[in-house]
1. If you check residue 142 against the conditions, is it in the same structural domain as residue 234 (by TED's automatic domain parsing) and either touching a Phe, Trp or Tyr at 6+ places or on another chain (Cβ under 9 Å) or at negative phi (or both)?
2. Working only within the stretch 74-116, note down all residues that are assigned to a helix (DSSP H, G or I) and touching a His at 6+ places or on another chain (Cβ under 8 Å).
3. Just name the residue that is surrounded by the most Cβ atoms within 10 Å (Cβ to Cβ) out of those in the stretch 240-265 that are within 22 Å of residue 207 (Cβ to Cβ) and among the hydroxyl-bearing types (Ser, Thr, Tyr).
4. Tell me which of these residue 115 doesn't satisfy, since it passes every other one: (1) more than 30 Å from residue 24 (Cβ to Cβ); (2) at pLDDT below 95.
5. Within the stretch 335-363, can you find the residues that are in contact with an Asp or Glu (Cβ under 6 Å, 6 or more places away or on another chain), of a type outside the set (A, V, I, L, M, F, W, C) and in a loop (DSSP other than H, G, I, E, B)?
6. Return the residue satisfying two criteria in turn: it lies in the stretch 97-127 and is under 13 Å from residue 285 (Cβ atoms) and basic (Lys, Arg), and of such residues it is surrounded by the fewest Cβ atoms within 10 Å (Cβ to Cβ).
7. Regarding the stretch 98-115, can at least one residue be identified that is touching a Gly at 6+ places or on another chain (Cβ under 6 Å) and among the polar types (S, T, N, Q)?
8. Within the set of pairs 6 or more residues apart or between chains, which connect a residue that is in contact (Cβ under 8 Å) with a residue 60 or more places away in the chain and closer than 19 Å to residue 259 by Cα inside the stretch 280-302 to a residue that is of a type in the set (Phe, Trp, Tyr) and surrounded by fewer than 24 Cβ atoms within 10 Å (Cβ to Cβ) with Cβ atoms less than 8 Å apart?
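The values are calculated or read from the model by the stated rules, or taken from the named source; none is laboratory data. The model shown is predicted, which means the values in this text are computed figures rather than measured ones. Cβ atoms come from the backbone with ideal geometry, glycine included; neighbour counts cover every protein chain shown.
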Amino acid sequence: MSKIKRITLIPLRVTVPRERVCCPPFMDQMLQRDETTGKWKTDGTFFADMPIYAVKVESDSGPVGWSDSSRYAASEEFQKEAQNFIGKHIDEIDARTAMLDVTQANQKAKDRGHQYVHPCKALEIAALDWKARQQDIPLWKLFGEKVRDGLRVEYWSGFRTPEGAAQVTQEAVDQGFLGLKLKSKVDMDIAGISKAVFDTGSPDFHLNIDPNGRWDTAEITIPLAKQMLAASPNVLLEDPIYDDLDGLTKIRRETGIHIGMTIQVPEQVGEAVAAQAADSFNIGGTYHQMIACAEQAEQHGKPVWIGSGCDTGLADLVAVHLGCTLEACTIGSDLIGNFYRVDDLLVEPIKFVGGFAQIPDGPGRGIDTDLNAIEKYRIGDPVIIE
């Protein structure tokens, strides 16, 4: 049976036009954190201009596996972790087993009060794609039984004025999406933004506002949540504050708004449910953590969705395979990088029908990696680990 013999890391820059993400008044929002403080940056390199890796996993013969990395991938750590995958037998590649040490990532998440995805998660994804292609099976078979053929995906944008929110809502509606996710901070016209979305979308349209903790306190959040609800009941408020279950409970109790909470450790589900702090969960972390979090949420009768870092189609399509095996994954996932990046790195685009990303036929992802695009966006020499 096959073993992993070689991993190649190819540095890329696959950008997103800034105007696709933010209106002019919010161009200072970088959408990434300072790695030292964990605070959101308002200067430096825009998140989509940060380099990423294409990750290629090979054995002595047969098909190869691919993925793209997050923008936080560090070269030395990536090479060290990649070395641990060399020589792994195909049976050791298991989506339900820890293939990366998540101890430090979980500690950082605990220290910051929010998710901290392992920067080398792409190694896991590429290894899973390799295994599925070696076995000539679709990726979803490595995650479990398929419960749906398409995964609901919400349209996405960053910081928008009411006019900008109306524009991206129209884009979403024109392409068949059923909902939209936007970023927010305290000094924005949340009432105007919410109204613009629902004036433009259909009565059944949904809006997810994600401040990423920027609303700071329950006292600040409560009137803003009420403004969202005044526009429509079809609203979800994701992570208005961080590391404060009591605060989230207070927001839910005093407004009745649907609260979504980003998690990566399965135990967080039970803690949030016991505190009556969350109605749904954005599942992150490595793949075994995502599966475990979704299963915990299902046991508690709570829905989940899969978040992303505005990745390319390589990671997005794997997440579609996963989501189609998770009973609880019924809220629109924000797998939109394949639309927003200047290239999805796939030889053909992911197919969307009525706002649902479809699982393609074929082994692995079901759509091949675009090797010409990998070369086009390469910004340095490949690093080979064997």
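1. So residue 142 fails the test.
2. 105
3. So the residue we want is 262.
4. (1)
5. Answer for the stretch 335-363, where residues must be in contact with an Asp or Glu (Cβ under 6 Å, 6 or more places away or on another chain), of a type outside the set (A, V, I, L, M, F, W, C) and in a loop (DSSP other than H, G, I, E, B): just 363.
6. 110
7. yes
8. From residues that are in contact (Cβ under 8 Å) with a residue 60 or more places away in the chain and closer than 19 Å to residue 259 by Cα, there are no pairs.
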